Amino acid sequence: MSNPAPTKSASATPAPSRYRPETRLVHSGTIRSEFGETSEAVFLTQGYVYDSAEQCEARFKGEDPGYIYSRYSNPTISMFERRMIDLEGAEAGRSTATGMAAVTTAILAPLRAGDHVVAAKAMFGSCRYVVEDLLPRYGIQSTLVDGLDLDQWQRAVRPNTKSFFLESPTNPTLDVLDISAIAEIAHAGGARLIVDNVFATPIWQSPLTLGADVVVYSATKHIDGQGRCLGGMILSSEAFVAEHLHTFMRQTGPSLSPFNAWVLLKGLETLALRVRAQTDNAAKVADALARHPKVSRLIYPGREDHPQAALVRKQMRAGSTLVGFEVKGGKPAAFRTLNALKLACISNNLGDAKSIVTHPATTTHQRLTPDARAELGISDGFIRFSAGLEHADDLIEDLHTALEKA
């Protein structure tokens, strides 16, 4: 490699394995300059200066460690990557400009024409576009399955199957898929399992320990979690990064900006605190909405009435910051509810310090046909609620008041 691998920390930070996640989120991966700054430095530079032409040549040959160009690597980006690697318990990882850049790169980079991908039907609309529409353009076949049905995963495997892809919990209906069982099916068929862990966050779920080979995040969500910037992350083995990601990303350039990397670093310091508080709020909101007469369906992974409650207890450390609920009366009632809210913002983001509501049928999943949405349980009355850091009682009062307009 011609730049410092993000898996090799240049800091004097003690070995991260000694510490719990909260401590790693504050200290891991820090690189201090000769000025000894407390906060991580932002290295806003495109390129780097070499001591000699010989050193420059050695850098490009990969014989001399150091930075070459910030499309390849950058000290601030390296700090963010190292901290995410240590948090996730991965061997290696690479950051990207957005969450979808992470998903697309993780799926596409290892594949070639003639390969086959199996993916769960229940996923973010853009992820489904990549699997269902984009891959076939390059001669890569794809099959969509009911992610909850292990037999469908098994039957979908072909001799040329190279990757499985899933979200758990799913967007937006919060189904929880059996990562360990699906990983076993993938590995038996010679495929890798890629897991989008955004809805669980690294605080509540660790897909790599459950058998997944690759984990992807939209760092835009909980990792920043304050509505400031975009970013993504791919976490896996050193071999996966070296063989599939390093050259692909260097040449195609889905790079995270150093400034965004710095913002995300500062977001990581409070990630555990925010996710715990948001999860507590989501659980209270779910309990309150479950009893509301205008709510016909309530989905929350932390409740005993969740369809996969036993699996949630087995594979997650807690629920989610997301709640799904269906308002009686379809789209008109859902829109009246959304428009009457005073605290929760109507937006298509999630994992923010501010509570956010989304109508998936007309936003994140609008490109799907009505039949496809119905198959996934995304009705016209369905609302996705992302709990923020407000007081839970205020959120509940706001939702109850809005539902009176439904």
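The values are calculated or read from the model by the stated rules, or taken from the named source; none is laboratory data. Model, not experiment: these values are computed from the prediction. No Cβ is skipped: glycine too gets one built from the backbone with ideal geometry, and neighbour counts run over all protein chains shown. When the accessible area is computed, the model is the full protein with side chains, heavy atoms only, and any ligands, DNA or RNA have been set aside. Shrake-Rupley method; radii C 1.70, N 1.55, O 1.52, S 1.80 Å.
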Could you check how many residues of region 323-348 are open to solvent by 30 Å² or more (accessible area, probe 1.4 Å), modelled with pLDDT of 95 or more and at negative phi?
12
How many residues does region 71-107 contain that are surrounded by 22 or more Cβ atoms within 10 Å (Cβ to Cβ) and in a loop (DSSP other than H, G, I, E, B)?
3
Suppose the filter is open to solvent by less than 10 Å² (accessible area, probe 1.4 Å), within 15 Å of ALA372 (Cβ to Cβ) and at pLDDT 95 or above; does THR161 pass it?
no
When residues of region 277-314 are filtered for being in a helix (DSSP H, G or I) and buried (at least 16 other Cβ atoms within 10 Å of the Cβ), how many remain?
16
Would you be able to say whether some residue in region 69-90 is of a type in the set (Gly, Ala, Ser) and within 17 Å of the chain's Cα centre (by Cα)?
yes
Residue within region 366-389 that is open to solvent by 30 Å² or more (accessible area, probe 1.4 Å) and over 19 Å from THR173 (Cβ atoms) present:
yes
Six or more apart or on different chains, Cβ atoms under 6 Å: show the pairs whose first residue is in region 104-124 and in contact (Cβ under 8 Å) with a residue 24 or more places away in the chain and of a type in the set (Val, Ile, Thr) and whose second is part of a loop (DSSP other than H, G, I, E, B) and open to solvent by 20 Å² or more (accessible area, probe 1.4 Å).
THR105/PRO254
For GLU57, only one of the following conditions fails: (1) within 27 Å of THR23 (Cβ to Cβ); (2) open to solvent by 30 Å² or more (accessible area, probe 1.4 Å); (3) modelled with pLDDT of 95 or more. What is its number?
(1)
Condition first: in contact with a Pro (Cβ under 6 Å, 6 or more places away or on another chain) and of a type in the set (Val, Ile, Thr). Now tell me which residues in region 189-247 satisfy that.
VAL195, VAL215
Residues (in a helix (DSSP H, G or I), touching a helix residue (DSSP H, G or I) at 6+ places or on another chain (Cβ under 7 Å) and open to solvent by 20 Å² or more (accessible area, probe 1.4 Å)) located in region 109-152
SER126, LEU150
Is there a residue being more than 21 Å from GLY125 (Cα to Cα), among the aromatic types (Phe, Trp, Tyr) and open to solvent by less than 40 Å² (accessible area, probe 1.4 Å) anywhere in region 205-217?
no
Report, by residue number, each residue of region 1-53 that is assigned to a helix (DSSP H, G or I), modelled with pLDDT of 90 or more and under 25 Å from the mean Cα position of the chain (by Cα).
PRO21, GLU22, THR23, ARG24, LEU25, VAL26, HIS27
Exactly one of (1) outside any strand (DSSP E or B); (2) open to solvent by 10 Å² or more (accessible area, probe 1.4 Å) is unmet by SER320. Its number?
(2)
Would you check if ALA183 is free of Cβ contacts under 8 Å to residues at least 40 places away in the same chain and within 16 Å of the chain's Cα centre (by Cα)?
no
Would you check which residues across region 354-365 are touching a Gly at 6+ places or on another chain (Cβ under 6 Å) and surrounded by fewer than 18 Cβ atoms within 10 Å (Cβ to Cβ) and list them?
LYS354
Condition (residue is closer than 17 Å to SER355 by Cβ, touching a residue at least 24 places away in the same chain (Cβ under 8 Å) and within 17 Å of the chain's Cα centre (by Cα)) applied to region 278-294: is it met by at least one residue?
yes
Residue count, region 350-394, condition hydrophobic (A, V, I, L, M, F, W, C), more than 18 Å from PHE335 (Cα to Cα) and touching a helix residue (DSSP H, G or I) at 6+ places or on another chain (Cβ under 6 Å), comes to 4
When restricted to ARG336, ARG384, ARG373, the only residue of a type in the set (D, E, K, R) and in contact with a strand residue (DSSP E or B) (Cβ under 6 Å, 6 or more places away or on another chain) is ARG384
Among the residues of region 68-99, which ones are touching a strand residue (DSSP E or B) at 6+ places or on another chain (Cβ under 6 Å) and of a type in the set (S, T, N, Q)?
SER95, THR96, THR98
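For every residue, the table says whether it meets (1) of a type in the set (Phe, Trp, Tyr); (2) not in a helix (DSSP H, G or I).
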| position | (1), (2) |
| --- | --- |
| ILE223 | no, no |
| GLN226 | no, yes |
| ALA239 | no, no |
| HIS244 | no, no |
| MET249 | no, no |
| LEU256 | no, yes |
| PHE259 | yes, no |
Could you count how many residues in region 175-201 are part of a helix (DSSP H, G or I) and open to solvent by 10 Å² or more (accessible area, probe 1.4 Å)?
6
